[in-house]
Amino acid sequence: MRIDLHTHSSASDGTDTPAALVRAAHEVGLDVVALTDHDTTGGWAEAEAALPDGLRLVRGAEISCIDGDGISLHMLGYLFDPDEPEFARARELVRTDRVRRARAMVERCVELGAPITWERVVEIAGDGAVGRPHVATALVEAGVVADVSGAFTPEWLKDGGRAFVDKYEISVADAVRMIRGAGGVAVFAHPGATKRGRTVSDATIESLAEAGLAGVEVDHIDHDDAMRAHLRDLARGLGLVTTGSSDYHGTRKTVGLGRYTTDPDTFAAIADRATGVPVLGA
């Protein structure tokens, strides 16, 4: 089985619609794909309606979090009940603040001389939850940077950069608790992605394991071989599962669907642990 447990559609900051994403997953030979848009379940229904025969769909989301030291991180929540009230309210707060934050970043970019507009960023986002990648795309269109990755530098949108603006984030301990409370399974996304900014300590991951964290994403484009080996050893000692995923964003990033995959036994363990919603498909 080929299993990719981290992808994004146009419901957040990917370029494929949810329907196009599941069709593409089937075309590249995946057996299981997880739709994990940022802080939203808005693409679930469309992905389900377009699900090809032979492909299984894991419904999830990637939740914006912050730890006690002020480090931003992302928590993948799989197979949770989207209507569980506390978690639904928390995701809505995050989505609402995304608009304020993105508008403020556009204003900072303009102040720094970038010829972009809020109206164009909204057009780029379409029906998706507006975020930094949409501002980055506007910077590319305006010729300010060569590509989206070029916008995520200290000169522009990187954490702490000249145009960076903080956002509302759920505490990571609360995120794990709420994912579990909604019947889902929590897996720490790209925990060792040092090029994205500060990363949490092993002690933080240990505390999250005690709080109910189920696993860590190990095989990811932003982890080198040494980091993968370290995370595997850490997970083994803590009794956590390890996953592999593409973190696919369509044409907004270069990594393709199925670039990294998850072991079938790990997928089965995640599915067995969840009580929120079932895996869909064959």
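The values are calculated or read from the model by the stated rules, or taken from the named source; none is laboratory data. For clarity, every value in this text was computed on a predicted model and none was experimentally measured. No Cβ is skipped: glycine too gets one built from the backbone with ideal geometry, and neighbour counts run over all protein chains shown. Each accessible area value is taken on the protein alone, full model and side chains, heavy atoms only, with ligands, DNA and RNA left out. Shrake-Rupley method; radii C 1.70, N 1.55, O 1.52, S 1.80 Å.
Candidates in the range 245-261 are the residues that are within 26 Å of ALA209 (Cβ to Cβ) and touching a Lys or Arg at 6+ places or on another chain (Cβ under 9 Å); of these, the one that is surrounded by the fewest Cβ atoms within 10 Å (Cβ to Cβ) is THR261.
In the range 169-177, the count of residues that are basic (Lys, Arg) and either modelled with pLDDT of 95 or more or surrounded by 19 or more Cβ atoms within 10 Å (Cβ to Cβ) (or both) is one or more.
Would you check if there is a residue in the range 262-276 being part of a loop (DSSP other than H, G, I, E, B) and either acidic (Asp, Glu) or surrounded by fewer than 15 Cβ atoms within 10 Å (Cβ to Cβ) (or both)? Yes, that holds for at least one residue. Within the range 99-139, the only residue that satisfies the criterion of being touching a strand residue (DSSP E or B) at 6+ places or on another chain (Cβ under 8 Å) and not aliphatic (A, V, I, L, M) is GLY131.
Within the range 80-97, being out of contact with any helix residue (DSSP H, G or I) (no Cβ under 7 Å at 6 or more places or on another chain), within 19 Å of PHE188 (Cβ to Cβ) and not β-branched (Val, Ile, Thr) holds for one residue alone: ARG91.
Residue-by-condition table, conditions (1) aliphatic (A, V, I, L, M); (2) assigned to a helix (DSSP H, G or I); (3) under 23 Å from PHE267 (Cβ atoms):
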{"site": "ALA34", "(1), (2), (3)": "yes, no, yes"}
{"site": "GLY42", "(1), (2), (3)": "no, no, no"}
{"site": "LEU51", "(1), (2), (3)": "yes, no, yes"}
{"site": "ILE63", "(1), (2), (3)": "yes, no, yes"}
{"site": "LEU76", "(1), (2), (3)": "yes, no, yes"}
{"site": "ASP83", "(1), (2), (3)": "no, no, no"}
{"site": "ALA90", "(1), (2), (3)": "yes, yes, no"}
{"site": "LEU93", "(1), (2), (3)": "yes, yes, no"}
{"site": "ASP97", "(1), (2), (3)": "no, yes, no"}
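Evaluation of ASP37 against the conditions (1) at pLDDT 95 or above; (2) of a type in the set (Asp, Glu); (3) surrounded by fewer than 19 Cβ atoms within 10 Å (Cβ to Cβ) shows that the sole unmet condition is (3). Regarding ALA11, is this residue closer than 18 Å to ARG252 by Cβ, under 18 Å from the mean Cα position of the chain (by Cα), in a loop (DSSP other than H, G, I, E, B) and not basic (Lys, Arg)? So ALA11 passes the test. When residues in the range 1-46 are screened for being of a type in the set (Val, Ile, Thr) and in contact with a His (Cβ under 6 Å, 6 or more places away or on another chain), 1 of them pass. The residues listed here are GLY128, GLY150, GLY143; of these, the one that is assigned to a loop (DSSP other than H, G, I, E, B) and more than 19 Å from ASP16 (Cα to Cα) is GLY143. Got at least one residue in the range 43-63 being at pLDDT below 95, crowded, with 19+ Cβ neighbours inside 10 Å and within 22 Å of GLY181 (Cβ to Cβ)? No: the range 43-63 contains no residue that is at pLDDT below 95, crowded, with 19+ Cβ neighbours inside 10 Å and within 22 Å of GLY181 (Cβ to Cβ). Taking residues in the range 246-268 that are free of Cβ contacts under 8 Å to residues at least 40 places away in the same chain, and partners anywhere that are surrounded by 15 or more Cβ atoms within 10 Å (Cβ to Cβ) and outside any loop (DSSP other than H, G, I, E, B), the pairs with Cβ atoms closer than 7 Å and at least 6 places apart or on different chains are VAL255/TYR248. Could you look through the range 204-230, keep only residues that are small (Gly, Ala, Ser) and open to solvent by less than 30 Å² (accessible area, probe 1.4 Å), and pick out the one that is nearest to ILE3 (Cα to Cα)? Top of the filtered list is GLY215.
Within the range 100-122, being assigned to a helix (DSSP H, G or I), open to solvent by 90 Å² or more (accessible area, probe 1.4 Å) and at pLDDT 95 or above holds for ARG103, GLU107, ARG108, GLU111, GLU119.
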